[in-house]
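Engineer: Below are the structure tokens for one structure; questions will follow.
What follows draws every value from the coordinates through simple rules; no lab data is involved. Computed from a prediction, not measured in an experiment: that's the story for all the values here. Glycine also receives a Cβ, built like all others from the backbone with ideal geometry; neighbour counts cover every protein chain displayed.
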Amino acid sequence: MTKKEGKDKGGARLRFDSASEFWKTVLTLLAVFLTFAGPTYLVYMFINVLKVNYHVSLISGSVMLIVGIALIWYLVKNEIVS
């Protein structure tokens, strides 16, 4: 029983296709959310709603900002978005 490259038994793709319109939109929205909402609204939610330690929430906001910027850089570098 052999598999064709990039397909499984049912014919569904196994590879992540970042060039499709759906994934372009999802990745762009995720990058924007992580870059802008992560360090602001999520940190506020961590501190006031979930009562997480102040320093832990700031570190998590910083990590979300860095991941968001890295995702934007990846999308621009690979010409997925212009």
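Engineer: If you bin every alpha carbon distance in the range 21-77 into 5 Å steps from zero, what whole percent lands in each bin?
Structural biologist: With a bin width of 5 Å, the distribution comes to 4, 23, 25, 19, 13, 9, 6, 1.
Engineer: If you don't mind, another one. So for the pair Ser62, Phe22, with labels modelled 7 Å out along Cα→Cβ, what separation do we get in nm?
Structural biologist: About 3.8 nm, to one decimal.
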